[in-house]
Amino acid sequence: CRPTRVSVIGAGNVGSTLAQRIVEHNLADVVLLDIVGGRPEGIALDLLEARGLEGHDRRIVGTTEYAATAGSDVVVITAGLPRKPGMSRDALTRANAQIVIEATRQAVAQSPEAIFIIVTNPLDVMTYLAWKVSKLPPPRVMGMAGILDSARFQVFIAKELGLSPIDIRTMVLGGHGDLMVPLPRYSTVSGIPITELMDASTIDRLVERTRNGGAEIVELLRTGGAFYAPASSAYTMVETILLNQPRLLPIAAYLQGEYGLNDLYLGVPARLGCGGVESILELKLTDEERIALHKSAESVRYTLEYALDLL
Ligand code: APR
C-alpha cells in the first residue's frame, strides 16, 4: 500500500524540525529536499537512525532532486533565507521570492494533487506567489503564520495568568508582520474572553509582544529565526489535513471579498481539512479591528506588488 507522503522543501531549521515531528508522530513518510547537497541526506539518515529508539517505522528520504518528491499529498515550502537581526521581513522579499517561485514550479510538476503549505517569509506574499505559480485552486495553497502568532499569544497569556496554555485559545488575524492583529475579544481561557480576566494595559503589552514575537527570537539567536514553534505550527496544519480532523484555525488564505479584501493572501480564521482551506469565516470586527486588519493588508499588498514583478 502507498504510504502518505509529505515533502518538505528546505532542510534548514524549520524544515528538518518539521520532518522530525512528522515521522516521530508517525503521521507520514517524508521527503526532505534542499539545494545544498549532503544536508538533506545527512538529516534524513540521522532521523532514520533514531527510528528504533523513537519507535516508528516511517521512511525519510533526503534529496536534492524534485523527482523524489513525486506523488506527495502535502508539500511544505520552508526554503529561503532566514531573517537577520535588524532585517525587516520585507527586506527578504526579493531573495525568497525567487526561491519560492522555483520551488513551487518544481514541486507542483511532481505532485499536481498536493496541498501546499508555505512557511517562507514574508509569508503572505510568498504564499500568493506560490499560488500564482502553481496554478492550483486557492483552497490547495495556504500559508502558515496565524497558528504561530496565536500560539505565541496563547503562551504569553498563560504566563501572565499563571495558567497552563492548554485551556487558552487565541486568534490573530492579518499579515505575518508587525501589523498583525491579535484579537483579545476572541481569545479565551476555557471560553472566558481574556478581556474579562486582564486589564487593558496588560493585554496591550501581550499583544505587542506577540507582534514582536519573531523579532524577539531573532534578537536572541542572532543567526536565524525561530524554528521549534514554527515547525509545530506547520505540523498542526499537516496533521489537520492528513487526519481529516477539520479545525477552525488562523491561516493565510486567499481572500475574494471576505473582510472587504480581494485578491490577497492574508491571515483569517478558516476551516482546514482534507480538502485544504474549505471555507473562510468572516468574524464580526469592531471598527478599530477592521481598520487594523486593512492596514496590515495594505502593507502586504505593497510588498506583493513589487514581488509580482519577479514573476
Ligand atoms: N531550494 C531548496 N532549498 C533552498 C533553496 C532552494 N532554492 N534556497 C535555500 N534553501 C534552503 C537552505 O539551503 C536552507 O537549508 O532553505 C533552508 C532554509 O533553512 P534555514 O536557513 O535554517 O531557515 P529556517 O530557520 O528553516 O527558516 C526557513 O521559514 O520561518 C521562515 O523566515 C523563515 O523564510 C524562513 C523559512
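A few comments on the model shown:
- PRO246 over 18 Å from TYR128 (Cα atoms), touching an Asp or Glu at 6+ places or on another chain (Cβ under 8 Å), open to solvent by less than 80 Å² (accessible area, probe 1.4 Å) and not basic (Lys, Arg): yes
- Filtering region 35-47 to residues that are open to solvent by 60 Å² or more (accessible area, probe 1.4 Å) and either touching a strand residue (DSSP E or B) at 6+ places or on another chain (Cβ under 6 Å) or at pLDDT below 95 (or both) leaves only GLU41.
- Unique match (being within 12 Å of the ligand (Cβ to nearest atom) and not aliphatic (A, V, I, L, M)) among GLY86, GLY55, GLY37: GLY37
- Here the condition is being acidic (Asp, Glu), on the phi < 0 side of the Ramachandran plot and surrounded by fewer than 16 Cβ atoms within 10 Å (Cβ to Cβ); of GLU208, GLU160, it holds for GLU208 alone.
- There is at least one residue in region 158-177 that is farther than 21 Å from LEU281 by Cβ and within 16 Å of the ligand (Cβ to nearest atom).
- Helices (runs of 4 or more DSSP H) wholly inside region 204-311 that include at least 2 residues being within 15 Å of ILE117 (Cβ to Cβ): 228-242
- One residue stands out in region 267-301 among those that are within 21 Å of the chain's Cα centre (by Cα) and among the polar types (S, T, N, Q): the one that is surrounded by the most Cβ atoms within 10 Å (Cβ to Cβ), namely SER296.
- Inside region 1-34, residues that are away from the ligand (no atom under 13 Å from the Cβ), open to solvent by 30 Å² or more (accessible area, probe 1.4 Å), outside any loop (DSSP other than H, G, I, E, B) and out of contact with any helix residue (DSSP H, G or I) (no Cβ under 6 Å at 6 or more places or on another chain) make up a count of 1.
- Exclusive hit being within 9 Å of the ligand (Cβ to nearest atom) and β-branched (Val, Ile, Thr), set VAL100, VAL76: VAL100
- Checking each residue in region 103-143 for being of a type in the set (A, V, I, L, M, F, W, C), more than 10 Å from the ligand (Cβ to nearest atom) and either open to solvent by 10 Å² or more (accessible area, probe 1.4 Å) or within 14 Å of the chain's Cα centre (by Cα) (or both) picks out VAL108, ALA109, ILE115, PHE116, ILE117, VAL125, ALA130, TRP131, VAL133, LEU136, VAL141, MET142.
- ASP167 being at pLDDT 95 or above and surrounded by 20 or more Cβ atoms within 10 Å (Cβ to Cβ): no
- Hits in region 302-311 - residues which are surrounded by fewer than 18 Cβ atoms within 10 Å (Cβ to Cβ) and touching a helix residue (DSSP H, G or I) at 6+ places or on another chain (Cβ under 9 Å): TYR302, TYR306, LEU308, LEU310, LEU311
The values are calculated or read from the model by the stated rules, or taken from the named source; none is laboratory data. Being a predicted model, the structure only gives us computed values, none of them experimental. Here Cβ is always computed from backbone atoms with ideal geometry, including for glycine, and neighbour counts include all displayed protein chains. Heads up: the accessible areas ignore ligands, DNA and RNA and are worked out on the full protein's heavy atoms, side chains in. Shrake-Rupley method; radii C 1.70, N 1.55, O 1.52, S 1.80 Å.
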